[in-house]
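Visitor: Quick one: this structure, given as structure tokens, is what I'll be asking you about.
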Amino acid sequence: MKLYYVYILTNEGNRVFYVGVTSNLAKRVYEHKNKLVDGFSNKYELHKLVYFEETSDVISAIEREKKLKKWRRDFKINLISKANPKWKDLYEDIL
């Protein structure tokens, strides 16, 4: 069964968020961390994985990503804080 991930990255000051979707979370976060991804996440140095969800349904993953992107900042902060109270970089946990 193939899994899909919706994830949130932030920078060291937790000032900016990036919401993405992927089928290979470890690889995708590695790409962000090593600046292999041009654009928004690289510009704002968003390399810290603070939240992710997994699902086996790609449509659900894409819909969830779109929903999270529309959420206000405080809703995202609450979501992350409930799942990851210390705002730890979860990258090592997924390897």
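Visitor: Do we find that Lys66 is touching a Leu at 6+ places or on another chain (Cβ under 8 Å), among the basic types (Lys, Arg) and modelled with pLDDT of 95 or more in this structure? Working first, answer last.
Guide: Working: touching a Leu at 6+ places or on another chain (Cβ under 8 Å): no; among the basic types (Lys, Arg): yes; modelled with pLDDT of 95 or more: yes.
Criteria not met by Lys66.
Visitor: Follow-up question, since we're still on this one. Would you pick out the residues in segment 9-35 that are surrounded by 15 or more Cβ atoms within 10 Å (Cβ to Cβ), of a type in the set (A, V, I, L, M) and assigned to a helix (DSSP H, G or I)?
Guide: Leu25, Val29
Visitor: Turning to a different aspect of this structure: Being exposed (fewer than 12 other Cβ atoms within 10 Å of the Cβ) and either among the small types (Gly, Ala, Ser) or touching a helix residue (DSSP H, G or I) at 6+ places or on another chain (Cβ under 6 Å) (or both) is the filter here; which residues of segment 36-55 pass it?
Guide: Of everything in segment 36-55, just one residue is exposed (fewer than 12 other Cβ atoms within 10 Å of the Cβ) and either among the small types (Gly, Ala, Ser) or touching a helix residue (DSSP H, G or I) at 6+ places or on another chain (Cβ under 6 Å) (or both), namely Gly39.
Visitor: Okay, next question. For Lys69, indicate whether it is on the phi < 0 side of the Ramachandran plot and touching a residue at least 24 places away in the same chain (Cβ under 8 Å). Walk me through how you get there before you give the answer.
Guide: Numbers: on the phi < 0 side of the Ramachandran plot: yes; touching a residue at least 24 places away in the same chain (Cβ under 8 Å): yes.
Against the criterion (on the phi < 0 side of the Ramachandran plot and touching a residue at least 24 places away in the same chain (Cβ under 8 Å)), Lys69 qualifies.
Visitor: For segment 56-95, which residues satisfy the criterion of being assigned to a loop (DSSP other than H, G, I, E, B), farther than 14 Å from Val19 by Cα and touching a strand residue (DSSP E or B) at 6+ places or on another chain (Cβ under 9 Å)? Steps first, answer last, please.
Guide: Our first condition is that a residue be assigned to a loop (DSSP other than H, G, I, E, B); within segment 56-95, this holds for 56-57, 71-72, 84-90, 95.
Applying the additional criterion that residues be farther than 14 Å from Val19 by Cα yields 56-57, 84-90, 95.
Scanning segment 56-95 gives Ser56, Asp57, Asn84, Trp87, Lys88, Asp89, Leu90.
Visitor: Let me ask something else. Run Leu95 past the list (1) in contact with a helix residue (DSSP H, G or I) (Cβ under 9 Å, 6 or more places away or on another chain); (2) crowded, with 18+ Cβ neighbours inside 10 Å; (3) not hydroxyl-bearing (Ser, Thr, Tyr) and report the number of the one that doesn't hold.
Guide: (2)
Visitor: Please name all residue pairs, on different chains or six or more residues apart, with Cβ atoms under 7 Å, provided the first residue is in segment 31-51 and is under 11 Å from Tyr18 (Cα atoms) and the second residue is of a type in the set (Lys, Arg) and surrounded by 16 or more Cβ atoms within 10 Å (Cβ to Cβ).
Guide: His47/Lys33
The values are calculated or read from the model by the stated rules, or taken from the named source; none is laboratory data. Keep in mind that what you see is a predicted model, and the values were worked out from it rather than measured. Positions of Cβ are backbone-derived with ideal geometry, glycine not excepted, and every protein chain shown enters the neighbour counts.
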